[in-house]
Amino acid sequence: MLNITLKTLEAISMKNFITVGLALSFITSFINYIMGNMKMMMIILGVFSVFVFIYLIYSVIKLKKVYGFIALFTLISLLFQSFHWGYFYELRYAMIVPILIYISLLVKWKKHRSNLIPLIFIVAYQILEFSTVIRIWISNLS
């Protein structure tokens, strides 16, 4: 009985660690973007990508494939952005897929309640990437 309780506490503390890390790194990178400090923003986005990778591994270990799939999109996008690989612009179009998956998770929010908080920061990054595509698309129409 005590062993199950300790495992539960370890799982909760790991998820809280991931959530706090995602939140702090996402919010500070957004603040640095607003302030115009691009070098610091890229460093903190690197920290954000590490937490996304940790969440991806955590989801795979816990056999939560949908959460891992959403995190995988963000991780691939961050890698393409960091290493200046080709097709990064096209990859931004694909961000609509995990956003729609997250919306479908929100419909069944009681079942996915424990994982919606860490995913909100991952999906917020995806929404920002997809909104960049829409902003560029609208500016080209003018």
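The values are calculated or read from the model by the stated rules, or taken from the named source; none is laboratory data. Predicted, not measured: the structure shown is a model, and the values here were computed from it. No Cβ is skipped: glycine too gets one built from the backbone with ideal geometry, and neighbour counts run over all protein chains shown. Accessible surface areas use protein heavy atoms only, side chains included; no ligands, DNA or RNA. Shrake-Rupley method; radii C 1.70, N 1.55, O 1.52, S 1.80 Å.
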### Message
Run through the stretch 6-91 and list the chymotrypsin sites (Phe, Trp or Tyr not before Pro) located in a DSSP loop whose Cβ has at most 14 other Cβ atoms within 10 Å.
### Response
TRP85, TYR87
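Using a 1.4 Å probe, what is the accessible area per residue for the chain, in Å²?
Values: 9090 Å² over 142 residues.
Heavy-atom SASA per residue in the chain reads 64 Å².
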### Message
Using amide H atoms built in the peptide plane, which far-off residues or other-chain residues are under 5 Å from ALA94 H to H?
### Response
none
### Query
Residue farthest toward the positive end of the dipole of the chain, with Cβ of Lys/Arg at +1 and Asp/Glu at -1: which of LEU141, GLN81, THR28?
THR28
### Query
Net charge near LEU72, counting Lys/Arg +1 and Asp/Glu -1 over other residues with Cβ under 13 Å of its Cβ?
+2
## Note on the structure
Measuring from the longest principal axis of the C-alpha atoms of the chain, the long axis of helix 96-107 (C-alpha) lies at a number of degrees, nearest 10, equal to 40
### Task
Give me the angle, in degrees from 0 to 90, between the Cα long axis of helix 2-35 and the longest principal axis of the Cα atoms of the chain, rounded to the nearest 10.
20
### Task
For semi-axes √(5λ) of the Cα gyration tensor in Å, several values are listed as (1) 29, 18, 13; (2) 23, 22, 12; (3) 39, 16, 13; flag the one computed from this structure.
(1)
### Message
What is the angle, in °, between the Cα long axis of helix 65-83 and the longest principal axis of the Cα atoms in the chain? Nearest 10 is fine, range 0 to 90.
### Response
40
### Query
How much mean residue ellipticity at 222 nm does the chain get from its helices, if each DSSP H run of length 4 or more adds -39500 (n - 2.57) and you divide by all residues, to the nearest 500 deg cm²/dmol?
-30000 deg cm²/dmol
#### Entry: For the stretch 113-128, Karplus couplings with θ = phi - 60° (6.51, -1.76, 1.60), whole Hz, Gly/Pro x
4, 6, 9, 6, 5, x, 6, 4, 6, 5, 6, 4, 4, 5, 5, 4
